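Take a look at the structure below.
The values are calculated or read from the model by the stated rules, or taken from the named source; none is laboratory data. None of these values were measured; they are calculated from a predicted model. When we count neighbours, we look across all protein chains shown, and the Cβ atoms used for this are built from the backbone with ideal geometry, even at glycine.
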Amino acid sequence: MTDILPKYDNVAGNYYDKYNTRNPVARYLMNGFLSSFDELTEKAGVRNAYEVGCGEGNLSMRLHDRGWEVHGSDLEETSVAEANEQCVSRNIANRFETRSLFDLKPADVSAELVICCEVLEHVPQTDRALDVLQSLANPYLLVSVPREPIWRVLNLARGKYIGDLGNTPGHIQHWSSAAFLALLRKRFEIVEVRKPLPWTMVLCRRA
C-alpha cells in the first residue's frame, strides 16, 4: 500500500478466506451470516443482483447457483480475477470487473438488488459511498458491516489484534447496529434487519 491513499480508495485489510474456513467456530459464525444473506435476498423477491465490492465472488456465485442473474465489481484486480475463475468453473461468461465503488453509475448497474457486504467498514468517505449506493439501488440494497463493539471483543477473545484493541486491519469505520441503522435511514427505507453474530445485515429500499 502506498503511503498516501487516493482520495476515495478503500483501505485494504488482511486477507482471510472466511467463506471456506475450516475453523469450527468461524464456520458456525459464517453459517449464520450466509443464512441471513439467503433470507434477505429471498425477501427482496427479485432474481438479479449487482455486487459492489464482490471480492472473490462467493456471495454472487451463491446467488447464481440459486438461479439468479449476477454481476459485480471490486477495486482489487486479484479478487476480480478469482471471482471470474469461479465463472469459468461454471462454464459461464465472466461477470465481474475491476471498478471502484465511486466510479459506478446507475447506467452501469442494471439490477434490482445491489449488494454491498463487508465493504463500508473499509471506506473513508461513508456519506459519499452511501450516496453512490442510493443512486444504484433499483430499488433494493442489501448491506452488511461488522457489529461493534462485539466484533472487536470477539477478536480480543481469540487473542487477535491486541495492540489495536481487537480492530481488524483495514477497518476504519465502526458502527453498532443502532448507529448503522440510523445512518441508513437518512437515505433508505429499512425493509428488514438481521444480526447474525457478529454482523449487522440490512435489506433496504431506496426512499
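Some notes on this structure:
- Verdict on Glu148 being surrounded by 16 or more Cβ atoms within 10 Å (Cβ to Cβ), acidic (Asp, Glu) and either under 16 Å from the mean Cα position of the chain (by Cα) or at pLDDT 95 or above (or both): yes
- Only one of the numbered conditions (1) more than 21 Å from Glu39 (Cα to Cα); (2) free of Cβ contacts under 8 Å to residues at least 60 places away in the same chain is not met by Ser110, and that is (2).
- Condition check for Val132: modelled with pLDDT of 95 or more, assigned to a strand (DSSP E or B) and crowded, with 16+ Cβ neighbours inside 10 Å: no
- Subset of segment 184-207 (residues that are surrounded by fewer than 17 Cβ atoms within 10 Å (Cβ to Cβ), touching a strand residue (DSSP E or B) at 6+ places or on another chain (Cβ under 7 Å), modelled with pLDDT of 95 or more and not charged (D, E, K, R)): Ile190, Val191, Val193
- Selected residue (criterion: surrounded by the fewest Cβ atoms within 10 Å (Cβ to Cβ)) from residues of segment 30-40 that are of a type in the set (A, V, I, L, M) and under 14 Å from Leu142 (Cβ atoms): Leu34
- Given (1) farther than 28 Å from Pro169 by Cβ; (2) in contact with a Cys (Cβ under 9 Å, 6 or more places away or on another chain), index of the condition Asp74 fails: (1)
- Restricting segment 138-167 to residues that are out of contact with any Phe, Trp or Tyr (no Cβ under 8 Å at 6 or more places or on another chain) and in a loop (DSSP other than H, G, I, E, B), the residue that is nearest to Leu101 (Cα to Cα): Asn138
- Filtering segment 87-105 to residues that are in contact with a Lys or Arg (Cβ under 8 Å, 6 or more places away or on another chain) and touching a residue at least 60 places away in the same chain (Cβ under 8 Å) leaves only Phe102.
- Residues satisfying the stated conditions in segment 41-60, i.e. buried (at least 24 other Cβ atoms within 10 Å of the Cβ) and outside any loop (DSSP other than H, G, I, E, B): Ala49, Tyr50, Glu51, Val52, Leu59, Ser60
- Within segment 62-74, the set of residues being surrounded by fewer than 24 Cβ atoms within 10 Å (Cβ to Cβ) and at negative phi comprises Arg62, Leu63, His64, Asp65, Arg66, Trp68, Glu69, His71, Ser73.
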